[in-house]
1. Nearest 10 degrees is fine. How inclined is helix 19-48 to the longest principal axis of the chain, computing both from alpha carbons?
2. Spelling out what I want: for every residue of segment 154-165, take phi, set θ = phi - 60°, compute 6.51 cos²θ - 1.76 cosθ + 1.60 (Karplus), and round to whole Hz; glycine and proline get x.
3. Show me 178-186, 90-98 ranked by packing, highest mean number of other Cβ atoms within 10 Å first.
4. Can you classify segment 132-198 as rounded, prolate or oblate using the Cα gyration tensor, where a ≥ b ≥ c are the square roots of its eigenvalues, rounded means a/c under 1.5, and otherwise it's prolate if a/b beats b/c and oblate if not?
5. Select from L141, L31, L160 the residue whose mean-square fluctuation is largest in a Gaussian network model of the chain (Cα-Cα springs shorter than 10 Å).
6. Apply the a/c threshold of 1.5 to the C-alpha gyration tensor of segment 32-134 and tell me whether it is rounded, prolate or oblate.
7. For mean projected area of the Cα convex hull in nm², the choices are [x] 14.6; [y] 17.7; [z] 15.3; which was calculated from the structure?
Amino acid sequence: MTEPPAIGVPTVRDTPPGIREWVCFPGAWALVGFGITCLVVGSSRVMAVGGYCAQGGPYEVAVACPTGSTGPVFAALPAVALAVLVGIFGARGFGVPVHGYFWSALFGAQGIAFFVAAAAHAGPTTGWIICGVVFVLVALLPAPLLAIGWPRAFFGRRRLDGRAVDHYGLPLPDAVVIGSAWAVSTAAGATLALWWIG
């Protein structure tokens, strides 16, 4: 049986974030930005040709997959799954928690892609709209849990000085630094995905 830490001995949550946390928190969000951009762009290209396609094999392909659609779609989910692992085990409670948002980000982005496809499609669009509504509703499922966890659910468990957000609050400069790191890293991941897809 492990002994609890002695009084006055710092734990992970009492120490300021180190290099590991500063690399893993933005790195996880860069992976999320990369994965979601890949999913939306790749699936939007498939939706542009009717929502289904195929390539290769011994049969005659009726609708060939557009260039830049299959690779990004297959890269999306592993990137987001890796982001969740990096966020949980690498960031260790510092920064915006990936595991609190990946579900909403994946389903919400795909729901918006369905709405965009419905707006751009010349034929019947009821199926695209129904899919969009369902995906957006599924994306909103965790919202009540995130609201309960304020501010920890939005900025992480630890401040820049390592103290717990729940007990000591979150100073505005800390919120600005954490929020900026989140926005820049997510945008960098999305930009990298757009460059890779071409």
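1. 20
2. With coefficients 6.51, -1.76 and 1.60, one gets 9, 10, x, 8, 10, 7, 5, 8, x, 6, 5, 4 Hz.
3. Values: 178-186: 17.8, 90-98: 23.0.
The most tightly packed comes first, giving 90-98, 178-186.
4. Working: a/c = 3.84, a/b = 1.30, b/c = 2.97.
It comes out oblate by the Cα gyration axes.
5. L141
6. The shape class here is oblate.
7. Here the calculated entry is [z].
Throughout, read-outs are computed from the coordinates displayed, never taken from laboratory work. If you're wondering where the values come from, they're calculated on a predicted model, not measured in any experiment. Glycine also receives a Cβ, built like all others from the backbone with ideal geometry; neighbour counts cover every protein chain displayed.
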